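The values are calculated or read from the model by the stated rules, or taken from the named source; none is laboratory data. All of these numbers come straight from a predicted model, not from anything done at the bench. Positions of Cβ are backbone-derived with ideal geometry, glycine not excepted, and every protein chain shown enters the neighbour counts.
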Amino acid sequence: MYYRRKVLLALIEVFGGSLQSTYCEKLLFNFCQQTGKNHYDFFPYKYGPFSFLSYYDKRRMIDLGLLKSTDDFQLSTKHSYLNELTSADKTALLKFKSSMGNLRGDRLVKKTYRDFPHFTSRSKIASRHFTTDEIKQLQFAWNTDTKPTVFSIGYEGLTIDSFLNKLIANNITVVVDVRSNPQSMKYGFSKKSFKQYIESSGMKYIHIPELGIPSAMRKGLGESVSYKTLFKAYETKLLPKQEIEIKQLLDLTKQSERIALVCFEADHLFCHRHSLVEYLQNNKAFKRAVIHL
(Lines give C-alpha, C1' and ligand atoms only; values in the text may rest on other atoms or scores of the structure.)
Protein backbone atom coordinates (compact mmCIF):
# COMPACT_ATOMS: atom_id res chain seq x y z
CA MET A 1 0.00 0.00 0.00
CA TYR A 2 1.18 3.51 -0.75
CA TYR A 3 2.55 5.12 2.40
CA ARG A 4 0.40 8.22 1.89
CA ARG A 5 -2.70 6.02 2.23
CA LYS A 6 -1.44 4.72 5.56
CA VAL A 7 -1.05 8.33 6.70
CA LEU A 8 -4.64 9.08 5.68
CA LEU A 9 -5.99 5.97 7.41
CA ALA A 10 -3.95 6.72 10.54
CA LEU A 11 -5.29 10.29 10.60
CA ILE A 12 -8.87 9.01 10.50
CA GLU A 13 -7.98 6.48 13.20
CA VAL A 14 -6.59 8.99 15.70
CA PHE A 15 -9.60 11.27 15.18
CA GLY A 16 -12.06 8.54 16.15
CA GLY A 17 -12.37 6.39 13.04
CA SER A 18 -14.81 8.63 11.17
CA LEU A 19 -14.52 12.15 9.76
CA GLN A 20 -16.85 14.25 7.65
CA SER A 21 -15.29 14.75 4.24
CA THR A 22 -14.73 18.50 4.57
CA TYR A 23 -13.12 18.19 7.99
CA CYS A 24 -11.00 15.22 6.95
CA GLU A 25 -9.63 17.27 4.07
CA LYS A 26 -8.89 20.26 6.31
CA LEU A 27 -7.22 18.11 8.96
CA LEU A 28 -5.14 16.23 6.38
CA PHE A 29 -4.08 19.54 4.86
CA ASN A 30 -3.13 21.05 8.22
CA PHE A 31 -1.17 17.93 9.18
CA CYS A 32 0.83 18.04 5.94
CA GLN A 33 1.52 21.75 6.41
CA GLN A 34 2.45 21.40 10.07
CA THR A 35 4.92 18.58 9.43
CA GLY A 36 6.25 20.03 6.17
CA LYS A 37 5.66 16.70 4.41
CA ASN A 38 3.58 16.55 1.26
CA HIS A 39 2.01 13.16 1.86
CA TYR A 40 -0.68 14.86 -0.20
CA ASP A 41 -0.55 18.09 -2.18
CA PHE A 42 -3.39 20.60 -2.21
CA PHE A 43 -4.71 23.45 -4.32
CA PRO A 44 -7.27 26.24 -3.74
CA TYR A 45 -10.75 24.90 -4.47
CA LYS A 46 -14.41 25.68 -3.82
CA TYR A 47 -14.18 25.05 -0.07
CA GLY A 48 -10.51 25.82 0.52
CA PRO A 49 -7.51 23.46 0.23
CA PHE A 50 -8.40 20.29 -1.64
CA SER A 51 -6.70 17.17 -2.96
CA PHE A 52 -8.12 15.19 -5.87
CA LEU A 53 -5.60 12.46 -5.07
CA SER A 54 -7.01 12.00 -1.55
CA TYR A 55 -10.45 11.33 -3.00
CA TYR A 56 -9.02 8.96 -5.57
CA ASP A 57 -7.35 7.11 -2.71
CA LYS A 58 -10.63 7.08 -0.82
CA ARG A 59 -12.35 5.33 -3.74
CA ARG A 60 -9.55 2.80 -4.01
CA MET A 61 -9.60 2.08 -0.28
CA ILE A 62 -13.36 1.59 -0.39
CA ASP A 63 -12.78 -0.98 -3.13
CA LEU A 64 -10.14 -2.63 -0.93
CA GLY A 65 -12.53 -2.77 2.02
CA LEU A 66 -10.50 -0.39 4.17
CA LEU A 67 -13.07 2.42 4.18
CA LYS A 68 -16.86 2.25 4.22
CA SER A 69 -18.77 3.28 1.11
CA THR A 70 -20.15 6.53 2.56
CA ASP A 71 -19.74 10.24 1.89
CA ASP A 72 -17.63 10.51 5.03
CA PHE A 73 -14.20 8.98 5.61
CA GLN A 74 -15.03 5.99 7.83
CA LEU A 75 -12.74 3.11 8.68
CA SER A 76 -14.19 -0.33 8.06
CA THR A 77 -11.39 -2.19 9.82
CA LYS A 78 -9.98 -2.19 13.34
CA HIS A 79 -6.44 -2.61 12.06
CA SER A 80 -4.15 0.14 13.37
CA TYR A 81 -2.37 1.98 10.58
CA LEU A 82 -0.95 4.40 13.14
CA ASN A 83 1.44 1.62 14.14
CA GLU A 84 2.56 1.25 10.53
CA LEU A 85 3.86 4.79 10.31
CA THR A 86 7.47 5.67 10.94
CA SER A 87 8.13 6.58 14.55
CA ALA A 88 8.62 10.22 13.55
CA ASP A 89 5.33 10.39 11.67
CA LYS A 90 3.47 8.53 14.43
CA THR A 91 4.75 11.00 17.01
CA ALA A 92 3.92 13.93 14.73
CA LEU A 93 0.38 12.70 14.13
CA LEU A 94 -0.33 12.18 17.83
CA LYS A 95 1.08 15.62 18.58
CA PHE A 96 -1.10 17.07 15.82
CA LYS A 97 -4.19 15.39 17.27
CA SER A 98 -3.39 16.87 20.67
CA SER A 99 -2.90 20.36 19.23
CA MET A 100 -6.12 20.28 17.18
CA GLY A 101 -8.25 18.70 19.91
CA ASN A 102 -11.92 18.83 18.95
CA LEU A 103 -11.50 21.68 16.48
CA ARG A 104 -14.13 21.11 13.79
CA GLY A 105 -16.78 22.93 11.81
CA ASP A 106 -16.53 26.66 11.25
CA ARG A 107 -13.65 27.02 13.70
CA LEU A 108 -11.52 24.55 11.71
CA VAL A 109 -12.37 26.26 8.42
CA LYS A 110 -11.57 29.72 9.78
CA LYS A 111 -8.26 28.59 11.28
CA THR A 112 -7.25 26.99 7.98
CA TYR A 113 -8.22 30.05 5.97
CA ARG A 114 -6.44 32.43 8.33
CA ASP A 115 -3.26 30.37 8.50
CA PHE A 116 -3.11 29.65 4.76
CA PRO A 117 -4.89 32.49 2.93
CA HIS A 118 -3.58 31.46 -0.51
CA PHE A 119 -5.93 28.49 -0.35
CA THR A 120 -8.99 30.72 0.04
CA SER A 121 -8.61 32.29 -3.40
CA ARG A 122 -11.23 30.03 -5.05
CA SER A 123 -13.45 29.53 -2.01
CA LYS A 124 -17.21 29.91 -2.34
CA ILE A 125 -17.74 30.01 1.41
CA ALA A 126 -15.20 32.60 2.59
CA SER A 127 -17.92 35.23 2.90
CA ARG A 128 -19.71 33.03 5.44
CA HIS A 129 -16.76 33.13 7.79
CA PHE A 130 -15.16 36.54 7.24
CA THR A 131 -16.19 40.15 6.91
CA THR A 132 -15.50 42.11 3.74
CA ASP A 133 -12.49 43.77 5.39
CA GLU A 134 -11.14 40.42 6.58
CA ILE A 135 -11.45 38.97 3.08
CA LYS A 136 -9.49 41.94 1.74
CA GLN A 137 -6.71 40.99 4.14
CA LEU A 138 -6.77 37.41 2.86
CA GLN A 139 -6.53 38.68 -0.71
CA PHE A 140 -3.00 39.92 -0.11
CA ALA A 141 -1.94 36.27 -0.49
CA TRP A 142 -3.79 35.80 -3.79
CA ASN A 143 -2.26 36.30 -7.22
CA THR A 144 -4.67 38.68 -8.94
CA ASP A 145 -2.34 39.57 -11.81
CA THR A 146 -4.39 39.73 -15.02
CA LYS A 147 -1.60 40.80 -17.38
CA PRO A 148 -1.95 38.62 -20.53
CA THR A 149 1.03 36.28 -20.50
CA VAL A 150 2.09 32.99 -22.08
CA PHE A 151 3.48 30.46 -19.61
CA SER A 152 4.89 27.02 -20.26
CA ILE A 153 4.87 24.23 -17.70
CA GLY A 154 5.62 20.52 -17.49
CA TYR A 155 3.96 18.19 -14.99
CA GLU A 156 6.97 15.90 -14.52
CA GLY A 157 7.51 15.32 -10.80
CA LEU A 158 4.17 16.90 -9.84
CA THR A 159 0.92 15.42 -8.61
CA ILE A 160 -2.30 16.65 -10.20
CA ASP A 161 -2.91 18.71 -7.05
CA SER A 162 0.51 20.38 -6.95
CA PHE A 163 0.19 21.03 -10.69
CA LEU A 164 -3.18 22.75 -10.24
CA ASN A 165 -1.78 24.74 -7.32
CA LYS A 166 1.05 25.97 -9.54
CA LEU A 167 -1.41 27.08 -12.22
CA ILE A 168 -3.64 28.88 -9.75
CA ALA A 169 -0.65 30.49 -8.01
CA ASN A 170 0.11 32.13 -11.37
CA ASN A 171 -3.55 32.98 -12.04
CA ILE A 172 -3.66 30.91 -15.23
CA THR A 173 -6.99 31.16 -17.07
CA VAL A 174 -6.46 28.87 -20.08
CA VAL A 175 -4.54 25.59 -20.27
CA VAL A 176 -3.39 24.59 -23.75
CA ASP A 177 -2.38 20.94 -23.87
CA VAL A 178 0.26 20.56 -26.59
CA ARG A 179 0.83 16.83 -26.17
CA SER A 180 0.42 14.80 -29.32
CA ASN A 181 -0.87 11.85 -27.29
CA PRO A 182 -2.38 13.11 -24.01
CA GLN A 183 -2.13 9.85 -22.11
CA SER A 184 -0.18 9.44 -18.89
CA MET A 185 0.62 6.77 -16.32
CA LYS A 186 0.41 9.52 -13.70
CA TYR A 187 -2.97 9.87 -12.04
CA GLY A 188 -4.98 12.82 -13.33
CA PHE A 189 -2.95 13.68 -16.44
CA SER A 190 -4.67 11.63 -19.15
CA LYS A 191 -6.91 13.83 -21.29
CA LYS A 192 -10.38 12.97 -19.96
CA SER A 193 -9.56 13.37 -16.27
CA PHE A 194 -7.06 16.17 -16.92
CA LYS A 195 -9.68 18.22 -18.77
CA GLN A 196 -12.21 17.56 -16.01
CA TYR A 197 -9.84 18.66 -13.25
CA ILE A 198 -8.72 21.77 -15.12
CA GLU A 199 -12.27 22.89 -15.82
CA SER A 200 -13.60 22.08 -12.36
CA SER A 201 -10.80 24.28 -10.99
CA GLY A 202 -12.11 27.26 -12.95
CA MET A 203 -9.85 27.24 -16.00
CA LYS A 204 -10.46 26.55 -19.68
CA TYR A 205 -8.92 23.51 -21.34
CA ILE A 206 -7.90 23.34 -25.00
CA HIS A 207 -6.08 20.45 -26.65
CA ILE A 208 -4.09 21.09 -29.82
CA PRO A 209 -2.45 17.72 -30.58
CA GLU A 210 -1.13 18.94 -33.93
CA LEU A 211 1.38 21.09 -32.01
CA GLY A 212 2.82 18.06 -30.24
CA ILE A 213 5.63 15.84 -31.46
CA PRO A 214 4.37 12.51 -32.85
CA SER A 215 5.85 9.43 -31.21
CA ALA A 216 7.38 8.40 -34.55
CA MET A 217 9.59 11.50 -34.49
CA ARG A 218 10.76 10.65 -30.97
CA LYS A 219 11.89 7.17 -31.91
CA GLY A 220 15.57 6.74 -31.03
CA LEU A 221 15.67 9.89 -28.90
CA GLY A 222 18.78 9.82 -26.71
CA GLU A 223 20.41 7.21 -28.89
CA SER A 224 20.50 7.93 -32.61
CA VAL A 225 18.43 11.10 -32.30
CA SER A 226 19.50 14.07 -30.16
CA TYR A 227 17.13 16.62 -28.63
CA LYS A 228 18.75 19.27 -30.84
CA THR A 229 17.98 17.24 -33.95
CA LEU A 230 14.43 16.51 -32.79
CA PHE A 231 13.58 20.12 -32.00
CA LYS A 232 15.15 21.33 -35.25
CA ALA A 233 12.95 18.92 -37.23
CA TYR A 234 9.93 20.03 -35.19
CA GLU A 235 10.60 23.71 -35.95
CA THR A 236 11.46 23.36 -39.64
CA LYS A 237 9.32 20.44 -40.81
CA LEU A 238 6.28 20.09 -38.56
CA LEU A 239 5.31 23.56 -37.35
CA PRO A 240 5.28 25.22 -40.81
CA LYS A 241 2.57 22.72 -41.81
CA GLN A 242 0.34 23.60 -38.87
CA GLU A 243 -0.79 27.04 -40.03
CA ILE A 244 -4.35 26.65 -38.74
CA GLU A 245 -3.22 25.50 -35.29
CA ILE A 246 -0.54 28.21 -35.02
CA LYS A 247 -3.16 30.82 -35.91
CA GLN A 248 -5.48 29.32 -33.29
CA LEU A 249 -2.76 29.68 -30.67
CA LEU A 250 -1.83 33.20 -31.80
CA ASP A 251 -5.49 34.25 -31.62
CA LEU A 252 -5.62 32.95 -28.05
CA THR A 253 -2.58 35.03 -27.11
CA LYS A 254 -4.28 38.18 -28.45
CA GLN A 255 -7.08 37.80 -25.94
CA SER A 256 -6.92 38.95 -22.33
CA GLU A 257 -5.90 35.56 -21.05
CA ARG A 258 -3.06 34.05 -19.06
CA ILE A 259 -2.23 30.94 -21.04
CA ALA A 260 -0.20 27.92 -20.00
CA LEU A 261 1.27 25.60 -22.65
CA VAL A 262 1.42 22.17 -21.03
CA CYS A 263 3.50 19.09 -21.74
CA PHE A 264 5.35 16.51 -19.63
CA GLU A 265 9.02 17.49 -19.17
CA ALA A 266 9.83 19.69 -16.19
CA ASP A 267 12.75 21.42 -17.97
CA HIS A 268 11.35 23.37 -20.92
CA LEU A 269 14.69 23.09 -22.72
CA PHE A 270 14.13 19.33 -22.99
CA CYS A 271 10.55 19.78 -24.18
CA HIS A 272 9.19 20.86 -27.54
CA ARG A 273 7.16 23.62 -25.88
CA HIS A 274 10.26 25.84 -25.76
CA SER A 275 10.62 25.43 -29.52
CA LEU A 276 6.93 26.23 -29.94
CA VAL A 277 7.33 29.41 -27.90
CA GLU A 278 10.36 30.47 -29.93
CA TYR A 279 8.39 29.84 -33.12
CA LEU A 280 5.63 32.11 -31.81
CA GLN A 281 8.12 34.79 -30.81
CA ASN A 282 9.43 34.90 -34.39
CA ASN A 283 5.92 35.81 -35.54
CA LYS A 284 5.26 39.56 -35.68
CA ALA A 285 1.70 38.98 -34.49
CA PHE A 286 2.94 37.61 -31.16
CA LYS A 287 3.16 40.34 -28.51
CA ARG A 288 3.00 38.57 -25.15
CA ALA A 289 5.54 38.13 -22.38
CA VAL A 290 6.71 34.53 -21.88
CA ILE A 291 7.43 32.77 -18.58
CA HIS A 292 8.66 29.19 -18.28
CA LEU A 293 7.49 27.81 -14.96
Query raised in the report: Residues in the stretch 210-233: is at least one in contact with a Lys or Arg (Cβ under 7 Å, 6 or more places away or on another chain) and under 18 Å from Asn170 (Cα atoms)?
Result: no
Query raised in the report: Residues in the stretch 173-192: is at least one farther than 21 Å from Gln255 by Cα, of a type in the set (A, V, I, L, M) and surrounded by fewer than 18 Cβ atoms within 10 Å (Cβ to Cβ)?
Result: yes
Query raised in the report: Does the stretch 274-286 hold any residues that are surrounded by 13 or more Cβ atoms within 10 Å (Cβ to Cβ) and either touching a residue at least 60 places away in the same chain (Cβ under 8 Å) or assigned to a loop (DSSP other than H, G, I, E, B) (or both), and which are they?
Result: His274, Leu276, Val277, Leu280, Asn283, Phe286
Report summary line: Turns out the helices (runs of 4 or more DSSP H) fully within the stretch 35-144 with at least 3 residues that are surrounded by fewer than 15 Cβ atoms within 10 Å (Cβ to Cβ) and out of contact with any strand residue (DSSP E or B) (no Cβ under 8 Å at 6 or more places or on another chain) are 52-63, 87-100, 105-115, 132-138
Report summary line: Result of the Cβ filter at 8 Å on the stretch 137-150, keeping first residues that are within 15 Å of Ile291 (Cα to Cα) and partners that are of a type in the set (Ser, Thr, Tyr), at least 6 apart or interchain, is Thr146/Ser256; Pro148/Thr253; Pro148/Ser256; Val150/Thr253
Query raised in the report: What single numbered condition from (1) surrounded by 13 or more Cβ atoms within 10 Å (Cβ to Cβ); (2) at pLDDT below 95; (3) under 19 Å from Ile153 (Cα atoms) fails to hold for Leu269?
Result: (1)
Report summary line: Scanning the stretch 12-31 residue by residue, the ones that are surrounded by fewer than 20 Cβ atoms within 10 Å (Cβ to Cβ) and either within 16 Å of the chain's Cα centre (by Cα) or among the hydroxyl-bearing types (Ser, Thr, Tyr) (or both) total 4
Requested in this report: Have a look at Ile206, Ile213 and point out the one that is hydrophobic (A, V, I, L, M, F, W, C), in contact with a Ser or Thr (Cβ under 9 Å, 6 or more places away or on another chain) and not in a helix (DSSP H, G or I).
Outcome: Ile213
